[in-house]
Structures are given as C-alpha cells and as structure tokens.
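Structure first, then comments.
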Amino acid sequence: MSLSKRHPPEELLSFLTRYPPQITDLFLAVRDNVLEVAPVATEIVTNASYTVASGFTFTHSIKQAFVYVGAYAGHVNLGFTFGSSLIDPEMRLKGDGKSMRHISIRQLTDADDPYLMEMLQQAVSLAARPSEPLEPKTTITKMKSDSNPPEGTI
C-alpha cells in the first residue's frame with residue numbers, strides 16, 4: 001500500500017453519506033492532513049449513532065490514539081487526545097477536560113490552515129509508539145446497531 005495517498009475505505013465513505021456533501025469533503029480533507037503528517041498511523045474508523053470518526057494511532061490501539069477526526073451536522077472536529085499538553089498560543093483548542101481538546105472546522109478553506117498542521121505535528125510528537133514500528137492498517141467498528149442518530153446531531 002502506498003503511504004503517500006491512502007484512499008478512504010469504502011465503509012468510511014458509506015458511513016459519511018448521512019452528512020451533507022460539504023461535511024464529507026471537509027472530513028476527508030482533514031483526514032488527508034492527518035495522514036500527511038502521520039503517514040504510517042493506523043486508522044480506526046468508528047460509526048456511532050452520534051458521529052462518524054477516525055482515530056489515528058501508531059500502536060493499533062484506539063486507547064493510544066493521538067488524534068481523531070469527527071463528523072457532525074455543521075462541522076468537523078479535529079480532536080487531540082493530549083490537547084492540554086499542546087502549545088496553543090492562539091488558544092484555538094476547545095475543551096475543559098483533563099487532557100482532550102479539539103478544534104471545530106467549518107469550511108474547507110480552513111482545513112489547510114498551517115496552524116492546524118502545527119497542532120498535528122505536535123500531537124504526533126507526543127504519540128505513543130511501539131518499540132518496533134507496526135504496519136499501518138485500517139480497522140472499521142460500528143458502535144451501535146441503531147442507525148438513527150440522536151435528535152439534532154446530524
């Protein structure tokens with residue numbers, strides 16, 4: 001598999017059909033940016049009732065994901081597992097939990113913001129890594145058999 005351009009799996013594209021085309025395009029653009037910065041990361045795609053998300057990890061474990069991309073009705077979140085540890089002089093990271101932070105992206109033109117790429121590079125530098133590199137792979141999970149999302153989520 002060429003790591004220079006990893007095409008989205010068909011299942012991910014199918015999951016994203018519940019969103020407007022502009023959200024799908026935005027999700028895929030942000031996903032591409034993650035894979036540009038972390039081309040050997042494993043992608044774990046989750047289809048939950050409230051979101052479609054891709055988590056990225058070097059260990060094949062979602063528990064050690066360093067970043068995720070999540071689709072919502074009017075935006076895409078770029079989430080950072082250790083966001084509270086990132087240097088964020090513009091204070092764009094949102095969230096008040098112990099460590100998780102995210103940036104909401106609403107327009108395709110914002111997906112290529114150099115600031116986001118810097119945040120991604122920082123997240124990669126903090127990511128857990130196995131002693132021996134693992135071959136990147138894609139895993140598909142579905143969190144709930146109910147295909148109807150909660151009211152107001154999409």
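Where a number appears in this text, it was derived from the coordinates with a stated rule and is not lab data. Since we're looking at a predicted model, the values are computed, not measured. All Cβ positions, even for glycine, are placed from backbone atoms using ideal geometry, and neighbour counts span all protein chains on display.
For the chain, with a Gaussian network of springs between Cα atoms less than 10 Å apart, report the residue from Thr46, Thr139, Thr57 with the top mean-square fluctuation.
Of Thr46, Thr139, Thr57, the most mobile in the Gaussian network model is Thr139.
Please give me the summed charge of the neighbours of Tyr68: other residues whose Cβ is under 15 Å from its Cβ, Lys and Arg +1, Asp and Glu -1.
Working: positive: Arg31, Lys63, Lys94, Arg101; negative: Asp32, Glu43.
After counting each charged neighbour, the total is +2.
With the contact rule set at Cα under 8 Å and sequence spacing of 6 or more, what percent relative contact order holds for the range 1-69?
It rounds to 24 percent for the range 1-69.
Starting with the fewest neighbours, write out Val76, Val40 ranked by other beta-carbon atoms found within 10 Å of each beta-carbon.
Working: Val76 32, Val40 12.
Least to most surrounded, the residues fall as Val40, Val76.
Among Leu120, His60, Pro89, whose Cα lies farthest out toward the positive end of the dipole of the chain, if unit charges sit on the beta carbon of Lys, Arg (+1) and Asp, Glu (-1)?
Going by the Cα projections, it comes out as His60.
Under a 10 Å cutoff between Cα atoms, tell me which one of Ser99, Ser84, Ser54 has the largest fluctuation in the Gaussian network model of the chain.
Ser99
Please work out, to two decimal places, the log10 of the ratio I(q)/I(0) at q = 0.10 Å⁻¹ from a Debye calculation in which every Cα of the chain carries one identical scatterer.
With one equal scatterer per Cα and no solvent, log10 I(q)/I(0) is -0.32.
In a GNM of the chain with a 10 Å cut-off on Cα contacts, which of Met100, Met91, Met119 has the highest mean-square fluctuation?
Met91
Taking the Cα centre of the chain as origin, sum charge times position over the Cβ atoms of Lys and Arg (+1) and Asp and Glu (-1), and report the length of that vector in debye to the nearest 20.
On the way: 14 positive and 17 negative charges, 78 e Å.
Roughly 380 debye for the chain.
Please arrange Glu10, Glu43, Glu36, Glu132 by how many other C-beta atoms lie within 10 Å of their C-beta, fewest to most. Spell out each step's value before the answer.
Numbers: Glu10 9, Glu43 24, Glu36 12, Glu132 5.
Sorted ascending by nearby Cβ count, the order is Glu132, Glu10, Glu36, Glu43.
In the range 1-93, if the dipole is taken from +1 on Lys/Arg beta carbons and -1 on Asp/Glu beta carbons about the Cα centre, which of Ser49, Leu78, Phe15 is farthest to the positive end?
Ser49
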